[in-house]
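This report refers to the structure that appears directly beneath it.
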Amino acid sequence: MASSSSLFNTSLSSFEPKPKPKPFYRNPNPITKHRPSTLITCTSSTANNNNNNNSPPSAAAATAPKLRRAVDENIRDEARRHRSASSNDFSAKYVPFNAGFDSAEWYSLDEVVYRSRSGGLLDVQHDLAALKKFDGAYWRRLFDSRVGKTTWPYGSGVWSKKEWVLPEIDDDDIVSAFEGNSNLFWAERFGKQFLGMNDLWVKHCGISHTGSFKDLGMTVLVSQVNRLRKLKRPVVGVGCASTGDTSAALSAYCASAGIPSIVFLPANKISMAQLVQPIANGAFVLSIDTDFDGCMKLIREITAELPIYLANSLNSLRLEGQKTAAIEILQQFDWEVPDWVVVPGGNLGNIYAFYKGFKMCQELGLVDKIPRLVCAQAANANPLYLYYKSNWKEFKAVKANSTFASAIQIGDPVSIDRAVFALQNCNGIVEEATEEELMDAMAQADSTGMFICPHTGVALTALIKLRNSGVIGPSDRTVVVSTAHGLKFTQSKIDYHSKAIPDMACRFANPPVEVKANFGAVMDVLKDFLNKAPKSRA
């Protein structure tokens, strides 16, 4: 076998919170109807002809002829022309994590605050009483009516659930690339061949604007920053610590809105494909000689001193966007609840976001139960797994070691309390994957037509272990969440298939076969290949 360099001619170089008075700002002209319609019609009267609170969007609105936009009008102008001036009764605010909407301590979303008075996490809580004025069937119809539309901003998978995300923001302040609406892939061959499962699905959240699920949260956070800047709040830019994907999402959305972005990256610990994204989008990138946890410590200290808005998942606004992926899964199954959802976990905001999305759907009557969640961690960065195995007795941060699943190489996760809450309230499980296990799982998935990231390999390894132990049954409807696009991790795939990873067997490597430019030699290797190839199915 030739050396890896001859196999692949490709290389990739390597503030204090205070008690909240009454909110200082209320939009005098709120733009979201109590029962918003997303259908563009000829006249505003058509858009408003349905006054029954529990009715779906009007059939007349659905069938009325539509006017093409004027040549000097964009989709924001069009949406503004058709919007209703009726009042918006929906609201959301920050409260201490695990406190209710009626908490005595609360903060307007227009405040720059990341921690409660006690120093704990904050959470965005919605006025469920107002949302419950409409039944589950109404919300299902409303959300479904927006899928695939270009109506601003509802064409986004996130903003199609605006009433459940940021209900009071003006549509004009939203910064969106129509993210979300990502593919729910039926992993038929992988499920049947490797797991004996017939109802396995992969939610490809990485098929998004910047190639990862982080877009779902960043559109919400940057939109709110855009609003704050228009309100003349002292926010000069947005900053984050990142292992790659957060910085890509932040820089892209800030670039779209014309907002400066600042990125703290651990030096030499992310792929070039991830590094080039914030650079290309004009972010101010600091490569720091530390790991992600060190970058996170620095960015928190900096944002406490400078008017830079913190974009990491410590900021609970991000989770409002990320929870919409859970709602999307339910939509894609025609509001049938899967048995299991497996999510890779690093800083642990996403596992809580999925729980929150599913739980809101249950509380508001869209579904009658929620799935069991599995959080999958890399064995080299597994503090949640160790906590789980101790029966939640004592949490200890760890020193995260290098892992191919670089986005979850986090030893002291910010959202540990959120993750534990979610898992304990859905009878959830935590599993881990070694480096070899995750890389083998990635290769197996790729061989069945997927092209996944190492983090998805971690999630698939957790699934394989739970399936082999009988915890997950052969007919259980299971969704694995894929968090980033495989194209961001080509070097790790090259190294695997070149068998160039030290101390790793790379059992499913598939290197190119070198052959002379000779008919007989080519025929020999082709016959050998075809004799070993699996026979076609009848």
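Against the conditions (1) surrounded by fewer than 23 Cβ atoms within 10 Å (Cβ to Cβ); (2) in contact with a strand residue (DSSP E or B) (Cβ under 6 Å, 6 or more places away or on another chain); (3) under 17 Å from A441 (Cα atoms), L184 satisfies every one except (3). Could you tell me which residue of segment 318-343 is surrounded by the most Cβ atoms within 10 Å (Cβ to Cβ), considering only residues that are at negative phi and part of a loop (DSSP other than H, G, I, E, B)? By that ranking, first place goes to K323. Screening D215 on (1) part of a loop (DSSP other than H, G, I, E, B); (2) open to solvent by less than 30 Å² (accessible area, probe 1.4 Å); (3) acidic (D, E) shows it passes everything except condition (1).
Here the condition is being within 18 Å of the chain's Cα centre (by Cα) and modelled with pLDDT of 95 or more; of A376, A381, it holds for A376 alone. Scoring F134 on the criteria (1) in a loop (DSSP other than H, G, I, E, B); (2) open to solvent by 60 Å² or more (accessible area, probe 1.4 Å); (3) at negative phi leaves a single failure, condition (2).
All of N347, N391 fail the test of being at pLDDT below 95 and either open to solvent by 20 Å² or more (accessible area, probe 1.4 Å) or of a type outside the set (K, R) (or both), apart from N347.
Only residues that are assigned to a helix (DSSP H, G or I) and hydroxyl-bearing (S, T, Y): list them for segment 404-426, please. Walk me through how you get there before you give the answer.
Initial filter on segment 404-426 (assigned to a helix (DSSP H, G or I)): 406-408, 416-424.
Within segment 404-426, S406 is the sole residue that qualifies.
Filtering T32, T63 for residues that are at pLDDT below 50, open to solvent by less than 30 Å² (accessible area, probe 1.4 Å) and either at negative phi or in contact with a Lys or Arg (Cβ under 7 Å, 6 or more places away or on another chain) (or both) leaves a single hit, T32. In this structure, P413 does not qualify as over 22 Å from W139 (Cα atoms), open to solvent by less than 20 Å² (accessible area, probe 1.4 Å) and touching a strand residue (DSSP E or B) at 6+ places or on another chain (Cβ under 6 Å).
Consider L250 carefully, then state whether it is on the phi < 0 side of the Ramachandran plot and open to solvent by less than 10 Å² (accessible area, probe 1.4 Å). Taking the combined requirement at face value, the residue satisfies it.
Whenever a residue of segment 361-372 is farther than 11 Å from L330 by Cα, its partners that are in a strand (DSSP E or B), lying with C-beta atoms within less than 9 angstrom and at least six residues away or across chains, give the pairs R372/W340; R372/V341; R372/I429. In the condition set (1) small (G, A, S); (2) in contact with a strand residue (DSSP E or B) (Cβ under 9 Å, 6 or more places away or on another chain); (3) open to solvent by less than 50 Å² (accessible area, probe 1.4 Å), S118 is compliant with all but (3).
Just need a number here: residues in segment 356-385 that are closer than 26 Å to A397 by Cβ, open to solvent by less than 10 Å² (accessible area, probe 1.4 Å) and not polar (S, T, N, Q). Give the steps one after another, and end with the answer.
Going through segment 356-385, the residues closer than 26 Å to A397 by Cβ turn out to be 356, 373-385.
Next, from what is left, pick out any that are open to solvent by less than 10 Å² (accessible area, probe 1.4 Å): 373-378, 381, 383-384.
Add one more test, that the residue is not polar (S, T, N, Q), and what stays is 373-376, 378, 381, 383-384.
Count: 8.
Matching residues to (1) over 21 Å from the mean Cα position of the chain (by Cα); (2) open to solvent by less than 10 Å² (accessible area, probe 1.4 Å); (3) not acidic (D, E):
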residue	(1), (2), (3)
S208	no, no, yes
S223	no, yes, yes
N226	no, no, yes
K232	yes, no, yes
A241	no, yes, yes
G258	yes, no, yes
P266	yes, yes, yes
I279	yes, no, yes
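The values are calculated or read from the model by the stated rules, or taken from the named source; none is laboratory data. The structure presented is a predicted model; accordingly, all values stated were derived computationally and were not measured. Cβ: placed from backbone, ideal geometry, glycine included. Neighbour counts: every protein chain shown. Heads up: the accessible areas ignore ligands, DNA and RNA and are worked out on the full protein's heavy atoms, side chains in. Shrake-Rupley method; radii C 1.70, N 1.55, O 1.52, S 1.80 Å.
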